[in-house]
Amino acid sequence: FDLRNNPKPIAQKTKWEICGQTTFPASQVISEIINQSSNYTFTLGDGLALPTQFSVSTLPAIYTILIKDKTTGCISDPITIRFESGLATPLIASSVSVNACDAVGDLFDGITTFSLEFHKSKFISDSNADVQYFLDAALTRPVSGSLTISSSQKVYLKITLPGFCPSIAELTLNANTP
């Protein structure tokens, strides 16, 4: 007679912050809820299969799941997982306008170059922030480094701090002639 203690699986993470999504992949929940997730099977609390995507269009979204150890057959107690609205990255300002004159000795043609990184500190002071720059509000046309403009140009910033949802800011660049 060999008596062994086979512990029930225990979730290591039960809460996810949502940043605007309407669905959340079950595969991500599975990979984050317990170490070595390939050693387990996952079902909803009623025994039905997990959906491919959890619906998170209404928050908080709450689901009950079970984890079964493939080796021992042990099943976890019911685990409540929550999807909650994440907090936006806090900004110093969400809209900034900057002016620059044509360089002296230039043709005074209203064309000047702006360093985008130089203006990052007007929006956020945390050096851990990830800042991406775009030429359109839909955030589909990325730009980096410097931008040469004539007259005026809007640049959109997607700013994200670890543990926060992205915030969107607007930088208006104005080229002035003397």
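The values are calculated or read from the model by the stated rules, or taken from the named source; none is laboratory data. Computed from a predicted structure; not experimentally measured. Heads up, the Cβs are rebuilt from the backbone with ideal geometry, glycines too, and the neighbour counts pull from every protein chain shown. When the accessible area is computed, the model is the full protein with side chains, heavy atoms only, and any ligands, DNA or RNA have been set aside. Shrake-Rupley method; radii C 1.70, N 1.55, O 1.52, S 1.80 Å.
Each Cα pair of the range 52-146 feeds into the Kirkwood radius, which the Stokes-Einstein equation turns, at 4 °C and 1.567 mPa s, into a diffusion coefficient of 68 µm²/s. Over the chain, all Cα pairs binned in 5 Å intervals from 0 give whole-percent P(r) values of 1, 7, 13, 13, 11, 9, 9, 8, 7, 6, 5, 4, 3, 2, 1, 1, 0, 0, 0, listed from short to long.
With a/c under 1.5 counting as rounded, go ahead and sort the range 115-178 into rounded, prolate or oblate using the C-alpha gyration tensor (a ≥ b ≥ c being the square roots of the eigenvalues; past the cut-off, prolate if a/b is larger than b/c, else oblate). Cα axes put the range 115-178 in the prolate bin.
Structural descriptor for the range 123-178: relative contact order 33 percent, calculated from alpha carbon pairs under 8 angstrom and at least 6 residues apart. Which percentage, to the nearest 5, of the DSSP beta bridges contained in the chain is antiparallel? Antiparallel bridges make up about 75 percent of those DSSP assigns within the chain. Electrostatic bookkeeping for A129 treats Lys and Arg as +1 and Asp and Glu as -1; over the other residues with beta carbon under 13 Å from its beta carbon, the sum is 0.
Grab the other residues whose beta carbon is less than 13 angstrom from that of K120, score K and R as +1, D and E as -1, and report the net.
On the way: positive: K122, K158; negative: E117, D126, D130.
After counting each charged neighbour, the total is -1.
Accessible surface for D77 stands near 90 Å², nearest 10, in the context of the full protein assembly shown (1.4 Å probe). Surface exposure of the range 1-148, expressed per residue as accessible area with a 1.4 Å probe, stands at 62 Å².
Solvent-accessible area of Y156, all protein chains in place: 40 Å² (probe radius 1.4 Å, heavy atoms, ligands and nucleic acids excluded).
For the range 42-178, a simple Cβ point-charge model (Lys and Arg +1, Asp and Glu -1, everything else neutral) yields a dipole of about 260 debye relative to the Cα centre. Computed on the range 37-178, with alpha-carbon pairs under 8 angstrom and 6+ residues apart, the relative contact order is 23 percent. Entry note, the range 1-112: relative contact order of 29 percent, from Cα contacts under 8 Å with a spacing of 6+ residues. Roll a 1.4 angstrom probe over the protein heavy atoms and tell me the percent of accessible area of the range 1-124 that is carbon or sulfur. Ligands and nucleic acids excluded, carbon and sulfur give 54 percent. In order along the range 140-152, the phi-based Karplus estimate (6.51 cos²θ - 1.76 cosθ + 1.60, θ = phi - 60°) of 3J(HN,Hα) comes to 10, 10, x, 9, 9, x, 10, 9, 9, 10, 10, 6, 9 Hz; Gly and Pro are listed as x. Taking every lysine pair in the range 1-132 that is 8 or more places apart or spans two chains, those with Cα atoms closer than 20 Å amount to 5.
Dipole orientation for the range 1-119: of the candidates G86, S76, Q53, S76 has the Cα lying most toward the positive pole (charges on Cβ; Lys, Arg +1; Asp, Glu -1).
A helix-only calculation puts the chain at -1000 deg cm²/dmol for mean residue ellipticity at 222 nm, using -39500 (n - 2.57) for each DSSP H run of at least four residues, averaged over all residues. For trypsin sites (Lys or Arg not before Pro), the sites in the range 1-94 that DSSP calls loop and that have at most 14 other Cβ atoms within 10 Å are R4, K13, K70. Within the chain, C74, C101 have no other Cys Cβ under 4.7 Å of their Cβ and so lack a disulfide-compatible partner by this rule.
Neighbours of T72 by Cβ distance under 10 Å: Lys/Arg scored +1, Asp/Glu scored -1, total +3.
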